[in-house]
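Read through the structure below, which is laid out as structure tokens, and then see the notes.
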């Protein structure tokens, strides 16, 4: 079982392998931290419905820009597919 801290450490390492700016990497880490806090349950139980609910919250409640929401989704997609090795179903 992967703890939140371990998962974020892995995610940081995975982001180092991506061709992203330092600012983008930090932004992605912040988005994933916020996502995991939003879910508030073990990482193994987090799924696509959590992603939809989180993104919906960013759009409806926080009224974030489309660009910010897309960045959050990009970060979560990398977190799931690369770090957790779990594909996201569309």
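The values are calculated or read from the model by the stated rules, or taken from the named source; none is laboratory data. Being a predicted model, the structure only gives us computed values, none of them experimental. Cβ atoms come from the backbone with ideal geometry, glycine included; neighbour counts cover every protein chain shown.
Could you please let me know if residue 58 is farther than 18 Å from residue 2 by Cβ, free of Cβ contacts under 8 Å to residues at least 40 places away in the same chain and buried (at least 17 other Cβ atoms within 10 Å of the Cβ)? If you could, list the steps in order and put the result at the bottom.
Values: farther than 18 Å from residue 2 by Cβ: yes; free of Cβ contacts under 8 Å to residues at least 40 places away in the same chain: yes; buried (at least 17 other Cβ atoms within 10 Å of the Cβ): yes.
Judged against the criteria, residue 58 is a match.
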**Request:** Give 7, 13 a once-over and let me know the one that is in contact with a helix residue (DSSP H, G or I) (Cβ under 7 Å, 6 or more places away or on another chain) and either outside any loop (DSSP other than H, G, I, E, B) or touching a residue at least 60 places away in the same chain (Cβ under 8 Å) (or both).
**Result:** 7
**Prompt:** Can we say residue 19 is in a helix (DSSP H, G or I) and under 22 Å from residue 85 (Cβ atoms)?
**Reply:** no
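Table: residues versus (1) crowded, with 17+ Cβ neighbours inside 10 Å; (2) closer than 13 Å to residue 11 by Cβ; (3) at pLDDT 95 or above.
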{"site": "32", "(1), (2), (3)": "yes, yes, yes"}
{"site": "35", "(1), (2), (3)": "yes, yes, yes"}
{"site": "50", "(1), (2), (3)": "yes, no, yes"}
{"site": "54", "(1), (2), (3)": "yes, no, yes"}
{"site": "63", "(1), (2), (3)": "no, no, yes"}
{"site": "74", "(1), (2), (3)": "no, yes, yes"}
{"site": "77", "(1), (2), (3)": "no, yes, yes"}
{"site": "80", "(1), (2), (3)": "yes, yes, yes"}
